[in-house]
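A quick write-up on the structure given underneath.
The values are calculated or read from the model by the stated rules, or taken from the named source; none is laboratory data. Everything quoted here is computed from the prediction, not taken from an experiment. Because the Cβ atoms are built from the backbone with ideal geometry, glycine has one as well, and the counts that use them run over all protein chains shown.
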Amino acid sequence: MYIVMGLGNPGVRYEKTRHNVGFMVVERLAQALDISLSKRSRLMRWGEGMIVQERVILVEPLTYMNNSGLVAKKLLRAQEAAPERLIVIYDDLDLEPGQIRIRQNGGSGGHGGIRSIMGQISSENFMRVRVGIGRPPGRQDPADYVLSPFSKSEWEEIALSIDEAGDAVFYIIVEGVARAMNEFNRRREDW
């Protein structure tokens with residue numbers, strides 16, 4: 001069993017923003033796997049299904065980004081799952097738009113959602129699928145940048161990386177994280 005958690009902020013205001021790339025990937029996966037994200041609680045929206053013969057729970061926290069750890073902790077406890085069965089998908093300023101990177105564990109890289117998860121579950125041993133959104137132009141505040149929508153010209157690149165991140169999650173579950181890192185941790189131009 002795997003818990004696949006896309007990070008973002010709930011509500012129409014944040015729907016198409018850079019910080020909600022994790023939600024976008026979970027929604028794309030749900031569509032591809034015919035999993036309905038119709039279950040809802042105060043803390044999260046989720047659905048359950050299968051990837052090959054593995055049970056998966058696709059989750060969108062409704063706690064806002066910097067409290068995502070509350071949902072991770074609740075789900076890991078409820079499912080009696082180890083942190084190593086958690087895959088978190090989120091936006092990354094340090095990757096160019098269109099790039100994705102898979103990590104088996106590590107630090108937060110300054111990302112508030114990842115910091116919250118690490119603090120709540122007392123572990124850094126969970127898988128991450130980082131989706132590049134690039135750095136803000138000029139002197140734009142990074143906080144304003146991540147909460148702003150993608151431009152029309154950025155959508156084509158981001159749509160491809162959303163699909164690739166979904167493929168990466170599938171690959172992690174079917175082939176394992178080490179093989180997924182070897183396959184996906186390259187620039188798209190190298191493919």
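Some notes on this structure:
- Residue within segment 112-120 that is of a type in the set (Val, Ile, Thr), modelled with pLDDT under 95 and either in contact with a strand residue (DSSP E or B) (Cβ under 7 Å, 6 or more places away or on another chain) or under 22 Å from Val4 (Cβ atoms) (or both) present: no
- Only residues that are in a helix (DSSP H, G or I) and not acidic (Asp, Glu) were counted across segment 117-147, and they come to 9.
- Residue ID - nearest to Gly132 (Cα to Cα), chosen from residues in segment 1-37 that are of a type in the set (Val, Ile, Thr) and outside any helix (DSSP H, G or I): Thr17
- Residue match in segment 11-28 (condition: of a type in the set (Gly, Ala, Ser), closer than 18 Å to Ala81 by Cβ and either modelled with pLDDT of 95 or more or surrounded by 14 or more Cβ atoms within 10 Å (Cβ to Cβ) (or both)): no
- Screening segment 82-113 for residues that are under 12 Å from the mean Cα position of the chain (by Cα) and among the acidic types (Asp, Glu) and picking the one that is surrounded by the fewest Cβ atoms within 10 Å (Cβ to Cβ) gives Asp92.
- The residues of segment 146-170 that are out of contact with any Lys or Arg (no Cβ under 7 Å at 6 or more places or on another chain) and either surrounded by 16 or more Cβ atoms within 10 Å (Cβ to Cβ) or farther than 20 Å from Thr17 by Cβ (or both), listed by number, are Leu147, Glu157, Ile158, Ser161, Glu164, Ala165, Asp167, Ala168, Val169, Phe170.
- Looking only at residues of segment 148-191 that are more than 30 Å from Val52 (Cα to Cα) and in a loop (DSSP other than H, G, I, E, B), we find that the one that is modelled with the highest pLDDT is Ser148.
- Against the test of being basic (Lys, Arg) and modelled with pLDDT under 95, the options Arg128, Arg101, Arg135 yield a single qualifying residue, Arg135.
- Within segment 48-77, considering residues that are among the polar types (S, T, N, Q) and touching a residue at least 12 places away in the same chain (Cβ under 8 Å), the one farthest from Ser122 (Cα to Cα): Thr63
- Restricting attention to segment 63-81 and to residues that are surrounded by fewer than 20 Cβ atoms within 10 Å (Cβ to Cβ) and of a type in the set (A, V, I, L, M, F, W, C), the residue that is nearest to the chain's Cα centre (by Cα) turns out to be Leu70.
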